[in-house]
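K.L.:
Supplied in C-alpha cells, the structure appears directly below.
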Amino acid sequence: MPNEDYIYYGDLKNSPYGEKTKEQLIGYAENIFNFFMEKDVKAVVMACNTTSAIAYESIKDKYDVKIYPLVQSCANVLSLLEIKKLGVFATPVTINSHIYSREIHKYNNEMEVFEIACPEWVKIVESGMEQYESTRVCVKKYLDLMMENKPDKIVLGCTHYPYLRNILSDILGNDIFIDPAIIFSNYVKYDLEKNNLLNAAENKDDEEFYVSANPVEFKNAASMFYELTDVPKLAEFLTV
C-alpha cells in the first residue's frame with residue numbers, strides 16, 4: 001500500500017508482551033490506541049499476536065476506526081488451507097488463550113490445531129543470538145515437540161519468530177512454515193479497498209515512528225526489517 005501514510009508505535013518500555021497479564025496488555029493497548037486517535041488515523045493494525053489474542057475483544061468497540069487484529073484477520077484464510085493438522089508456535093500468553101484454535105474452528109472445526117509456547121524465542125531474536133549453537137538447540141527442542149503431532153503446516157505465531165526462519169528451515173525445510181504477516185497484509189489491503197478506505201491516489205507516503213523507550217536502540221534493532229532514516233520519537237505513557 002505505497003500511497004498510505006503510516007504511524008508506527010513500538011512499546012519497548014513494556015516488552016516483551018508474551019508474559020504480561022491480561023490487565024496489563026489491555027492497558028498498554030488502550031494507551032497506544034488513544035495515542036493513535038490523537039493522530040486522527042483511519043485504521044489501526046494490531047500487528048502483535050499477543051495483543052490480538054488478549055486485548056482486542058476488550059477494546060474493539062471503544063474506537064470509531066477500522067481495527068485489524070492479526071490472529072482474527074488471518075484465521076479465516078488459515079482455515080481454508082487444504083490440510084488436516086496445523087501447528088502454531090507463539091508466546092505463552094497467546095498459546096494459553098488458544099486464540100488460534102478457537103478462531104480457526106469458527107470456520108473449520110475439522111482442522112486439528114496444535115499450539116506450543118516458545119518463551120525463549122523472542123529474547124533470542126531481540127538479543128541477536130541466532131548464530132549461537134545454544135539457539136539451534138533451543139529451536140530444535142520445540143520443533144521436535146511439535147513434530148510429534150505430525151503437522152502439515154506450522155504457523156510462526158509471533159512477529160519475532162520469522163527471524164529464526166534460517167534455523168527453522170535448516171532443520172525442517174522451508175515449505176512447512178507460514179508467516180502470517182503475509183496473509184495479514186494482503187487481508188488489510190483487501191478490506192481497506194472493500195470499505196473505500198484505501199488511498200488509491202499517488203501520495204507522498206509519510207512515515208512516523210514512535211517508541212516508549214530506547215529510541216536509538218530501536219533504530220539499530222529495526223534494521224533487521226526496515227532502515228529508518230531518523231531516530232524514532234519518544235512517546236511514553238503511564239505504566240499499567
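K.L.:
Got at least one residue in the stretch 60-83 being among the aliphatic types (A, V, I, L, M), under 20 Å from Ile26 (Cα atoms) and in a helix (DSSP H, G or I)?
P.N.:
Just the residues of the stretch 60-83 that are among the aliphatic types (A, V, I, L, M), to begin with: 65, 67, 70-71, 75, 77-78, 80-81, 83.
Now drop any that are not under 20 Å from Ile26 (Cα atoms), which leaves 65, 67, 70-71.
Filter again for in a helix (DSSP H, G or I), leaving 70-71.
Yes: one or more hits.
K.L.:
Can you pull out the residues in the stretch 88-120 that are small (Gly, Ala, Ser) and either modelled with pLDDT under 95 or closer than 13 Å to Cys158 by Cα (or both)? Quick ask: steps written out before the conclusion?
P.N.:
Keep residues of the stretch 88-120 that are small (Gly, Ala, Ser), which gives 90, 97, 101, 117.
Answer for the stretch 88-120, where residues must be small (Gly, Ala, Ser) and either modelled with pLDDT under 95 or closer than 13 Å to Cys158 by Cα (or both): Ala90, Ser97, Ala117.
K.L.:
What is the residue count in the stretch 171-184 for residues that are free of Cβ contacts under 8 Å to residues at least 24 places away in the same chain and either in a helix (DSSP H, G or I) or touching a Leu at 6+ places or on another chain (Cβ under 9 Å) (or both)? Spell out how you get there, then give the answer.
P.N.:
Restricting attention to the stretch 171-184, the residues satisfying the condition of being free of Cβ contacts under 8 Å to residues at least 24 places away in the same chain are 173-175, 179, 182.
Okay, now just the ones that are also either in a helix (DSSP H, G or I) or touching a Leu at 6+ places or on another chain (Cβ under 9 Å) (or both), so 174, 179, 182.
Qualifying residue count, the stretch 171-184: 3.
K.L.:
Suppose the filter is surrounded by 18 or more Cβ atoms within 10 Å (Cβ to Cβ), over 19 Å from the mean Cα position of the chain (by Cα) and closer than 20 Å to Gly18 by Cβ; does Thr159 pass it?
P.N.:
Details: surrounded by 18 or more Cβ atoms within 10 Å (Cβ to Cβ): yes; over 19 Å from the mean Cα position of the chain (by Cα): no; closer than 20 Å to Gly18 by Cβ: yes.
So Thr159 fails the test.
K.L.:
Return the residue satisfying two criteria in turn: it lies in the stretch 76-88 and is buried (at least 23 other Cβ atoms within 10 Å of the Cβ) and among the aliphatic types (A, V, I, L, M), and of such residues it is nearest to Lys194 (Cα to Cα). Don't jump to the end; show me each part of the working.
P.N.:
Kept after step one, since they are buried (at least 23 other Cβ atoms within 10 Å of the Cβ), are these residues of the stretch 76-88: 78, 86-88.
Those left that are additionally among the aliphatic types (A, V, I, L, M): 78, 86, 88.
Working: Leu78: 21, Leu86: 29, Val88: 30 Å.
Applying the filter and picking the extreme gives Leu78.
K.L.:
Here's a follow-up. Which of the residues that make up the stretch 5-47 are under 18 Å from Phe209 (Cβ atoms), at pLDDT below 95 and in contact with a Pro (Cβ under 8 Å, 6 or more places away or on another chain)?
P.N.:
Within the stretch 5-47, Gly10 is the sole residue that qualifies.
K.L.:
Yes or no: Asp205 surrounded by 11 or more Cβ atoms within 10 Å (Cβ to Cβ), outside the structural domain of Asn49 (by TED's automatic domain parsing) and either of a type outside the set (Lys, Arg) or in a strand (DSSP E or B) (or both)?
P.N.:
Details: surrounded by 11 or more Cβ atoms within 10 Å (Cβ to Cβ): yes; outside the structural domain of Asn49 (by TED's automatic domain parsing): no; either of a type outside the set (Lys, Arg) or in a strand (DSSP E or B) (or both): yes.
Answer is no for this residue.
The values are calculated or read from the model by the stated rules, or taken from the named source; none is laboratory data. It should be emphasised that the depicted structure is a prediction, and the values quoted were computed from it without experimental measurement. Cβ coordinates were reconstructed from backbone atoms using ideal geometry, including for glycine residues, and neighbour counts include every protein chain displayed.
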